[in-house]
Each structure stands twice: as structure tokens, then as C-alpha cells.
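Readers should treat all values here as calculations from the given coordinates under stated rules, not as data from a laboratory. Source: prediction; values computed, not measured. Counting neighbours? That spans all protein chains shown, and the Cβs are built from the backbone with ideal geometry, glycine included.
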Amino acid sequence: MTTQHLLIVDDHRNIREPLADFLRKYGFRVSQAANGQEALAALKREEVDLVVLDILMPGESGLDVCRRIRETMNTAVILLTAVSDDTDKIIGLEMGADDYVTKPFNPRELVARIKGVLRRVEALPRAYSKLDAADIHFGDWTLNTNTQTLTHTGNPGETIELSSIEFRLLTTFLRHPKILMSRDQLLDHVSNRTASVFDRSIDNQVSRLRRKIEDDPKKPRYIKTVWGGGYLFSCDVVKP
């Protein structure tokens, strides 16, 4: 039996409640939210291991909620979509979702997807902290998590924009300072594995990020290569 906590977010009560009952039979603790506002409020109140999030909701869409979750939390996200087109799926994965399921779906398939995502999450090093502040400081840099931009402390007027992948990679390092992370672990965070379009060498992504934050990318100060092991973010992380 498991005590892992799931949050189901769907505006259709006739989908949300039966699904919650079904998941409880598998030992999950399950909470519910009818919209994005309720979901974000629930995530602030208590710890949630995984969010099952419907994309098509009135008001704030599931994609918007996913983006806001990923800005400040490590919480796993599985998207539910009734759209067969791949566009929403790819956008959701770009925003940091861990997996998606297309409606209508077999509830047992969803259980298998949930267990698979939770296994991957549990295999990752424990996070140092959630990035719940707008500005995160490390070394000579300040990362604004709202705008996904970097500012050098020696030149506050100049900002550097990060791509969505660079931002996810950097925030992964900031959540795990001074912890060795393998390439596979980093790739799970950055590309979510299911997005084959982003299944490219993590070394290339690290090189691009180094070119933006290191004084000398060939002699990195922040992102150290551990031969045969992966990468280690060697700098302290400071939140205001």
C-alpha cells in the first residue's frame, strides 16, 4: 500500500470523482480540484506527489497551471487531454509535464503511468528546496523565476534570457546544489523522456547553459563535470 498523495484537477465532476474513488482503491491518498485556482491553492496548503491535470478547463487552462506549477515546484504532473492532435501534448511537455494520457482512457493505464512517473521521481536525488522565491541568487547571478532571465550582479542593467530547456536545467541544478546528478536524471527533468523532440544529448544542453553563466566555459565554476558520473552544481544557492 502507498500513502502517496495525488491531486486530480478536472472541471467535470462526473470524471473527477469516479477517478478519485478508483485511485483510492490502489492505496493513493487523493484530493480534488475543479479548476486551476483551486489546484494552486491546494498545492500551497499541503504536499502533493503528483497532479493529474486536465488541459481543457474554463478559465485558466491546464497548460497554464502546469507552467505555474513548474515555475516553483518539483511536483510531478500528468496531463489529461481530449485532443488527439500532438500540439497540446508537445506544449505541455515543453512546460514541464512528466507524461500525458489521452481521453477516453483506461483507468488502469493511468495508474500504470502514475506509478511509472513516481518511480522516476523517487529515483532522483532529494531536492534541496523548492524555488518558491521570485529571485534566486547563486555566485555572481540572480535568476528571476517569473521571467526566466538571469542578471549579473556586476551589471544589474543587463539580463540574459533562457530557453525553456535551459531554464529547466538550471532550476534542476539550483534545487540540487552540490549533489551529483547523472545524465539520465538530468534528462528526466529537462526533456521528460516522453518528448522525443527534446531527447538530445544532455551534454549539449549543459554546454549551452555554461556559455551563458560561466566566465570560462572550458573551466567551469558552477557546473562541474564528474567523469563517469554526470554533473555537479558546485555553488551555494541563496533565496531572499
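Points worth noting:
- For segment 1-78, the square roots of the Cα gyration tensor eigenvalues, ordered a ≥ b ≥ c, give a/c of at least 1.5 with a/b no greater than b/c, which places it in the oblate category.
- Site pair R13 and T149 shows an inter-label distance of 4.5 nm when each label is modelled 7 Å from Cα along Cα→Cβ.
- Cα-based helix-to-principal-axis angle, 36-45 vs the chain, degrees rounded to 10: 70 degrees
- Extreme residue, positive dipole direction of segment 1-117, given options V101, T81, A112 (C-beta unit charges): A112
- Loop-located trypsin sites (Lys or Arg not before Pro) in segment 9-46 (DSSP state other than H, G, I, E, B) with a sparse environment of at most 10 neighbouring Cβ atoms within 10 Å: K25.
- Two-site FRET efficiency, E122 against E60, from Cβ-Cβ distance with R₀ of 22 Å, rounded to 0.05: 0.15
- Each residue, F22 and D236, gets one label point 7 Å from its Cα in the Cβ direction; the gap between the two is 5.0 nm.
- Residues of the chain were split at every exposed loop site, defined as GluC sites (Glu not before Pro) in a DSSP loop with at most 12 other C-beta atoms within 10 angstrom, and the longest piece left, sites excluded, is 48-240.
- Relative contact order %, the chain, counting alpha carbon pairs below 8 Å whose residues are six or more apart: 14 percent
- Helix axis angle, 164-175 relative to the chain longest principal axis, alpha carbon, degrees: 80 degrees
- Links that overshoot a 32 Å alpha carbon limit, given the list K44/K178; K44/K218; K115/K178; K44/K103; K25/K178: K44/K218; K25/K178
- Candidate values [x] 7, 26, 34, 25, 7, 1; [y] 8, 36, 38, 15, 2, 0; [z] 7, 32, 34, 20, 7, 1, label of the one derived for P(r) over Cα pairs in 10 Å bins from 0, in percent: [z]
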